[in-house]
Amino acid sequence: MEHDPARSLADVGFYPESAPETPYLGLDTSAFPSGVASPDPLLTPSNNNNDYFPLDRTALAQALGQNRDSSSQLSIRMQTRDITDRTHHDDDDDEVLPDLMLELSAIRSRTRSAVAAGRIPDIESGSSTPVRTKGRSQGVPPELPNFAAEVIFVLVCTAGQFIFALTYGHANVAQLQLRTALGLPATQIPWVLGSGLLASGLSVIVAGSLADLAAPKPLMVGAFIWSAVWHAVAAAALSPRLKVLFFVARAMQGLSQGVLVSASMSILGRVYKPGVRKTRVFSLMAAGAPFGFSIGCLHGGALSSRLPWLFGSTAIFLGVVAIAAHMTLPDLSPAKDSHDVDAPSLRQFDYVGALLSSTGCGLVLFGLTQGSSANWNPYTYSLIIAGVLMFVAFAFVERSLERPLIPNGLWKTPGFAALLVAYFLGFGGFTGAWQFYAVQFWQRYQGATPITVALYILPNGIVGVLAAYIVSKTLHIFPGHWIFIASMIAFAIGPAFFLPQTPDTSYWALSFPGVALATFGPDMSFAAAAIFITSSVPRSYQGSAGALLVTVQNLTSAIMTSISDSIGVKVDQLPSGEIGLAGLKAIWWFGLASALTGAVITATFVRIPKAEEKEHVQ
């Protein structure tokens, strides 16, 4: 059988014709005559008669660094097979083997170049050259046995966001009924929300660090049980005589919610490396908020005339979730940031920072929430000033600690501070300056019942799931700040669609599109911000980083509600103490301006890279 030495593998399609000739000592391989190229050990003579053994394809593939999932290795395997076949069929031709050795040498050179570039792993040397798997998921995390267990695990972690939004929906849609049941004046309605948000703000940043330094599973299970108990207490305290106990119960619920959200972010951030799978999981967690809010509004609307059952049924649900958490959450130990350092422990907990941050948070929230009902007297200003000073002291103390409550490097991340400011303005404009007062508009000016209002808000949950799906599919395609800008614009759509409304405006004309489009805001912003923040810190700081975002979320909800209430009262206060229609529109103008300012800040200062597969920051 004749062999044409000039015929290359490119002619038969095994690798592209455009591939460059492989250099050898600075010269093209074609510069060497037959037999001069370095012989391959697999083609050495077996005896003095120059008889050649057939190629061992398995050994050759291992020598070339075979990777079954790599297209480069597939090409190498095809080339090797061609050489082997030609060896078997042409072993009587003396001119074949030198050419085969030359081609094999070229293949080896290409393989070494690919290993050096990181396109394929170097199996022969046992090195751990990273392989980029852009656009591909890492698979089920090793902490979980199978995909079904992963689904339940993610749903339990998402329950933190779901329950936070569920209780927020209860208070939102049934705010007028709660005011009547507790005998509250109109100026104290913000406390129905503020009491829970205040306590959640106190606990979330502390719980995030605790979840990183201790086993997070007992924290989450205990928080579910704690919340169930205090929902049962709230069900028994719905009377003017026991209203103080009711507000204490709301505060205790807020404490548990702060622990749930921060601990779940610690667990998810620790289990999932940055990449597509993490993007999908955090998008699902973000979807828990609008979905939970819609369910909370439906639940609150249906039981608005039976308020004890509202809180009692929630307590039963929380008990069931506590059992599910105990059965499904993995037992995680504190995470190492690298192999050459020890895992952190509770001995490194920042007690001073926790005291300063929680006290400052509490003073600011209490002063702002109490400001409207107390007509902004000197003691409310004093509380706010004292809280700000606590935050200043916290910032100075954290600089000198070996393990601060929040990693110092996070503040040096380009665009991080601007992202928090934008999130504060956008999310606060949505929850505190639009949504809370949209419910008042529907009930007081359009005569909607609580269950009707719950149906009005139903698009919030449906579109929220759609928004989470869009983020999970696009965050690894588009830069995250594009998605964050879109979320700020969505935040602005809510008040923009309510400003032209009158008591006679049809729900389908403006309210429906406003609710549906505005829902893209919280889902898109939370997912983009959470992935960016948790991917910018080491594995042992996942809970602390996530807790910072949730702290901002709680602070802005309470602060913006309080500021909005003050604006509405100043512009148009009715004899009953309630805010008139002109006051509601002034609040919506404030929410619109707040969200658009967040969009400008994001477009100018925030840059979030596309999500990609990589290891945790060290």
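The values are calculated or read from the model by the stated rules, or taken from the named source; none is laboratory data. Note that the coordinates shown come from a computational prediction; the quantities given were computed from them, not determined experimentally. As a convention, Cβ positions derive from the backbone with ideal geometry for all residues, glycine included, and neighbour counts pool all protein chains shown. All accessible areas refer to the heavy atoms of the entire protein, side chains included, with ligands and DNA or RNA removed. Shrake-Rupley method; radii C 1.70, N 1.55, O 1.52, S 1.80 Å.
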Taking the Cα atoms of the stretch 237-322 alone, what are Rg (to one decimal) and Dmax (as a whole number) in Å? 16.4, 53
For Gln573, distant residues with modelled amide H under 5 Å away: Gly580
Calculate the spin-label point distance for Val392 paired with Ser305, positioning each point 7 Å from the Cα along the beta-carbon direction, and give it in nanometres. 5.5 nm
Taking 0.36 nm per residue of sequence separation and subtracting the Cα-Cα distance, how much length would be gained by fully extending the chain between Leu581 and Phe512, in nm to one decimal? 22.9 nm
Label point 7 Å beyond Cα of Leu346 along Cβ direction - residues of the stretch 312-334 with amide nitrogen under 20 Å: 326, 330-334
One would report the Cα pair-distance distribution of the stretch 409-536, bin width 5 Å, in %, as 2, 11, 20, 21, 16, 12, 8, 6, 3, 1, 0
So the compactness index of the stretch 147-193, its C-alpha Rg divided by 2.2 N^0.38 Å, takes the value 1.70
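For the stretch 352-405, count all C-alpha to C-alpha pairs, find those more than 16 Å apart, and express that count as a whole percent of the total. Could you put the intermediate results ahead of the total?
Working: 606 of 1431 pairs.
For the stretch 352-405, the fraction of Cα-Cα distances above 16 Å is 42 percent.
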For the stretch 546-592, I need the span (max minus min coordinate) of the C-alpha atoms along each principal axis, in Å, sorted largest to smallest. 43, 21, 11
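How long are the semi-axes of the equivalent ellipsoid of the stretch 452-497, taking √(5λ) for every eigenvalue λ of the Cα gyration tensor, in whole Å from largest down?
Working: eigenvalues 114, 43, 4 Å².
Over the Cα atoms of the stretch 452-497, the semi-axes work out to 24, 15, 4 Å.
For Lys610 and His326 in one chain, what is 0.36 nm times their gap in residues minus the Cα-Cα distance, to one decimal in nm?
Numbers: separation 284, 0.36 × 284 = 102.24 nm, distance 3.50 nm.
Working it through step by step, the gained length comes to 98.7 nm.
Figure the gain on full extension for Thr413 and Arg241 (residue separation times 0.36 nm, minus the Cα-Cα span) and round it to one decimal in nm. Walk me through the numbers before you get to the answer.
Values: separation 172, 0.36 × 172 = 61.92 nm, distance 5.08 nm.
Contour length minus Cα-Cα distance gives 56.8 nm.
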Once both label points are put 7 Å beyond Cα along the C-beta direction, the Ala603-Ala148 separation in nm becomes 5.0 nm
Taking just the alpha-carbon atoms of the stretch 374-442, what radius of gyration and Dmax come out, in angstrom? 17.1, 52
Hull surface divided by four, with the convex hull built on the Cα atoms of the stretch 186-303: how many nm²? 8.5 nm²
Over all pairs of distinct alpha carbons, what does the Kirkwood formula give as the hydrodynamic radius of the stretch 147-251, in Å? 15.3 Å
Alpha-carbon Rg with Dmax, taken over the stretch 505-618, Å: 18.7, 61
Backbone HN-Hα couplings from phi across the stretch 282-293 [Karplus 6.51/-1.76/1.60, Hz, Gly and Pro as x]: 5, 5, 5, 4, 5, 5, x, 5, x, 5, x, 5
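Solvent-accessible area per residue for the stretch 539-588 at a 1.4 Å probe radius, Å²?
Numbers: 1290 Å² over 50 residues.
Normalised by residue count, the accessible surface of the stretch 539-588 is 26 Å².
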Counting only protein heavy atoms and leaving out ligands, DNA and RNA, the solvent-accessible surface of His299 at a 1.4 Å probe, in Å² to the nearest 10, equals 50 Å²
What's the carbon and sulfur percent of the stretch 222-319's accessible surface, probe 1.4 angstrom, rounded to a whole number? 77 percent
Determine the per residue accessible area of the stretch 255-358 with all protein chains present and a 1.4 angstrom probe, expressed in square angstrom. 40 Å²
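Can you send over the carbon and sulfur percentage of the accessible area for the stretch 484-618, probe radius 1.4 Å, protein chains only?
In the stretch 484-618, the share of accessible area belonging to carbon and sulfur is 68 percent.
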Which order do the peptides 210-217, 263-270, 579-586, 166-173 take when ranked by the mean count of other beta-carbon atoms within 10 Å per residue, highest first? 263-270, 166-173, 210-217, 579-586
Take the cross-link list Lys243/Lys570; Lys217/Lys412; Lys278/Lys473 and give me the ones stretching past 20 Å between alpha-carbons. Lys243/Lys570; Lys217/Lys412
Neighbourhood charge, 12 Å Cβ-Cβ cut-off, centred on Ser283 and excluding it, Lys, Arg +1 and Asp, Glu -1: +3
